[in-house]
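The values are calculated or read from the model by the stated rules, or taken from the named source; none is laboratory data. Bear in mind the structure is a predicted one, so any value in this text is a computation, not a measurement. No Cβ is skipped: glycine too gets one built from the backbone with ideal geometry, and neighbour counts run over all protein chains shown. Areas reflect the complete protein model, heavy atoms only, side chains present, ligands, DNA and RNA absent. Shrake-Rupley method; radii C 1.70, N 1.55, O 1.52, S 1.80 Å.
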Amino acid sequence: MNKHYVFMNIINKKTNTKILYQDSFVTAFHDINKKAPIHILIVTNKLIASLNDVNDSDTILLGKLLIVATKMAKKYHIDKSGYRLIINCNFHGGQEINHLHIHLLGGKPLGSIL
Ligand code: AMP
């Protein structure tokens, strides 16, 4: 099931989801099912289904995703203690929503996954 509309509705303010940050490139909000004390999603405003679907014209957008992730880490005071950024891609990557986003996780030791 293609669930891209979930994040589009949030970006377009058709839900009551609290927007933590928004500019012309990306939008950030709390994950509804948080896996850590801080779990924020940074989402592209433009609908891109997955990391497989970016191209050279998205270079600035991809940079913005990372820059905003670091800004949110600072805003939520997890920059010094540390955090993890995750981009899931397609089935084996565990991607549920077909709309490119970064997970920002922190606020506790996250352990090793590799
Ligand atoms: P992914 O598995 O990488 O596609 O991650 C999708 C994430 O979106 C999951 O962590 C969900 O908990 C989260 N999510 C789904 N619906 C919402 C929503 N309405 N508001 C905030 N987060 C959501």
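Across the stretch 26-38, which residue is nearest to the ligand (Cβ to nearest atom) among those that are open to solvent by 70 Å² or more (accessible area, probe 1.4 Å) and of a type outside the set (Val, Ile, Thr)? Among them, the one singled out is ASN33.
Whenever a residue of the stretch 81-103 is more than 20 Å from PHE29 (Cβ to Cβ), its partners that are open to solvent by less than 30 Å² (accessible area, probe 1.4 Å) and near the ligand (Cβ under 7 Å from one of its atoms), lying with C-beta atoms within less than 9 angstrom and at least six residues away or across chains, give the pairs CYS89/GLN95.
Condition check ((1) in a loop (DSSP other than H, G, I, E, B); (2) within 16 Å of the ligand (Cβ to nearest atom)) across all residues:
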position: MET8; (1), (2): no, yes
position: ILE40; (1), (2): no, yes
position: ASP58; (1), (2): no, no
position: GLY63; (1), (2): no, no
position: THR70; (1), (2): no, no
position: ALA73; (1), (2): no, no
position: HIS77; (1), (2): yes, no
position: ASN98; (1), (2): yes, yes
position: LYS108; (1), (2): yes, no
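Go through the residues of the stretch 11-24 one by one and say whether even a single one is under 30 Å from SER112 (Cβ atoms) and open to solvent by 40 Å² or more (accessible area, probe 1.4 Å). Looking for residues that are under 30 Å from SER112 (Cβ atoms) and open to solvent by 40 Å² or more (accessible area, probe 1.4 Å), one finds at least one in the stretch 11-24, hence yes.
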